[in-house]
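Below you'll find the structure, written out as structure tokens, and then a few comments.
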Amino acid sequence: MAEAVIQVQNLTKTYGPRVAIDRLNFQAHKGEILGFLGPNGAGKTTTMRILTAYMPPTAGQARIAGFDVVDESLEVRKRVGYLPERVPLYDDLSVLDYLLFMGKLRGVPDVDARAWEVLERVGLAERADSFVASLSKGMRQRLGLAQAILHQPEVLILDEPTIGLDPTQVVEVRDLIREIGSEHTVLLSTHILAEAQQLCDRVLIINQGRIVAEDSPRNLQARLQGGQRIFVAVRGEVGQPLLQKLRSLEGVRLVETPAPDRLEIIAAEGQEVRPQIARTVLESGHDLLEIRLAEMTLEEIFLQLVGDNAPAAKGAAEAPHTEEA
Amino acid sequence: MHTTWIIARREFGRYFATPAAYAVAFLFLLVLGILFYANIEASAMRSFMMPGYAPGVEIIINPMTTLLVFIVPVLTMRLLAEEQRSGTIELLLTAPVRDAAIVVGKWLGSFLFVAVLILLTLLYPLALNQLVQPGIDWGQVASGFTGLLLMAAALTALGTAISALFSNQIAAAIASLAVFLALWLIGYPASAGGGASSVWQYLDFSSHFFNTLARGIFDTRDIIYYLSVTALGLFLGTVILEMRRWR
């Protein structure tokens, strides 16, 4: 594989006695969307600020497209597009003027045409003359994203890009990121696990300044889940005879009834037991309403990895339910 | 440098987009107008008693120096403090722009605005020229206004540096005013005598103006003094911005 676009080695940042990130190591390649997942205060923003050359690390090294973030910071800054968590906008400018200012500052060639192109892409073209101060939160977020992609950076670093957006906008922004991710390298942080699952080729789970897991969302699931978990719904109550039969099936490890008409079955690792379950249910005279494989969500993986040592993790894992609702 | 100029233009334009800057400009010109009127009236009385007396251009230049000390903090307080408060500093510091270019650009924008204010007041010498016989000393106007511009450059540079220290505009304004007043008054204890008096007197902000430039005398030492203070302010501003990164 070609040389990694983002290379991080033993990256450490301390604020006085507090260790924000502790010897991080990771890489990202061209065309990859890398998710940075962790509770608030885990060190995501700190890492991103170092990668964008906003501040230097205390120890360790980071290179973007082969350039060191400290020694060759101007080169790094030319190649990185950054959307900080607090979207940095100038309220006194119009949407277009804001992009033109940023474009000129970054030396974008043919800045007028490019600004319009980007505005079209984030769906703000008809608001080009509005003052930034009059934009809704979702529009501000999209303008922030427009600013980040304006100079066609090799690396796009997005700190919580969908925070505060309504569901339609979340979908739009995600589509946009996916589109950009096919050409560029994207590093995005989120504490919305479903987002990482949908968007990212690979996720890094970070907690208390350390990487606790790194893999594709699918592999992470497979690694931590063990056997299949199957949900079954039937009409009417599940009788004892059916339970007995199911328990005696080969490859079934555990059968539980979370509700009178529901079954939750855990299979042994590597076993496909759904056909037998379906047959058994029907043979015992029940109507089968639903049978479905319950994949372990990243939420569960996350909780398992982060464990009890991080009270913030709970809040972070719960957040999607409210924000995605 | 190109990026410096982009930032300067943006900063200069911003003054015309904010009511606060207009208010400051209005106040500056209003107070100056009132003082001009009062001085003309006083001079008329005086010339009545002392035939041949005519006021010089110092009745315009001298009050302007005091006004600068008070309006510059209000005009420079926002420069970097606001970027830090709103988080847009992240945008500037992650753009391919040197820290020095940010500071110099910010300073240049504010200096140009103050320079426009100062140059607007050239109307007063023109008016005064009509009122007195045999006209005013245009050499004094040239040196006086050069001095005012130099002074404005130095004060805005210091104001820019102080603004980099804060993320609260009001705190930046008050700190700037305190520093300006200290520089302004540093010569007074020195004039009372004492061993180190010449050093203090050299550092004194106002004596470099009132003893020479305001009287129509161009002295390289004064010009160098104001240019050095300007350079020092810009250097300190850059260092402060860089230190922000390392914190």
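The values are calculated or read from the model by the stated rules, or taken from the named source; none is laboratory data. Note that the coordinates shown come from a computational prediction; the quantities given were computed from them, not determined experimentally. A quick note on method: Cβ atoms are made from the backbone with ideal geometry, for glycine too, and the neighbour counts reach across all protein chains shown. Ligands, DNA and RNA are stripped out before the accessible areas are found, and what is left, the full protein with its side chains, is counted by its heavy atoms. Shrake-Rupley method; radii C 1.70, N 1.55, O 1.52, S 1.80 Å.
Mind checking B:83-93 for the average number of partner chain beta-carbons within 10 Å of each residue's beta-carbon?
6
Among DSSP beta bridges lying fully in segment A:6-215, give the percent that are antiparallel, nearest 5.
Restricted to segment A:6-215, the bridges split so that about 55 percent are antiparallel.
Using a 1.4 angstrom probe, figure out how much accessible area segment A:81-202 has per residue, in square angstrom, rounded to the nearest whole.
35 Å²
Helix-only mean residue ellipticity at 222 nm, chain A, DSSP H runs n ≥ 4 weighted -39,500 (n - 2.57), per residue, nearest 500. What is it?
It lands at -11000 deg cm²/dmol.
Based on the alpha-carbon set only, what is the convex hull volume of the protein assembly as shown divided per residue, in Å³?
It comes to 198 Å³ per residue, whole-number rounded.
How big is segment B:2-246 along each principal axis, measuring the range of its Cα positions in Å and listing the largest first?
Each principal axis gives a Cα extent; for segment B:2-246 these are 66, 48, 30 Å.
In percent, what relative contact order does chain B have, based on Cα pairs under 8 Å that are 6 or more apart in sequence?
This gives 26 percent for chain B.
Can you tell me what share of the DSSP beta bridges in the protein assembly as shown is antiparallel? A percent to the nearest 5 is fine.
Of the beta bridges lying entirely in the protein assembly as shown, close to 65 percent run antiparallel.
What's the center-to-center distance, using Cα atoms, between segment A:16-86 and segment A:198-218 in Å?
About 15 Å separates the Cα centre of segment A:16-86 from the one of segment A:198-218.
Helix check for chain B. Which DSSP H runs span at least 20 Å along their own axis by Cα, with a mean Kyte-Doolittle hydropathy no less than 0.5?
Helices passing the filter in chain B: B:19-49, B:58-76, B:99-120, B:138-165, B:169-185, B:220-246.
I need the Kirkwood Rh of segment A:227-293: take the reciprocal of the average 1/r across all distinct C-alpha pairs and report it in angstrom.
It is 11.5 Å.
Rounded, prolate or oblate for segment A:1-47? Axes are the square roots of the Cα gyration tensor eigenvalues, ordered a ≥ b ≥ c, and the cut-off for rounded is a/c under 1.5.
Oblate shape, in that a/c is at least 1.5 and b/c is the bigger or equal ratio.
Please average, across the residues of A:82-93, the number of beta carbons from any other chain that are within 10 Å of each residue's own beta carbon, and give a whole number.
5
Heavy atoms only, probe 1.4 Å: what % of the accessible area of the protein assembly as shown goes to carbon and sulfur, would you let me know?
After summing per-atom areas, the C and S share lands at 58 percent.
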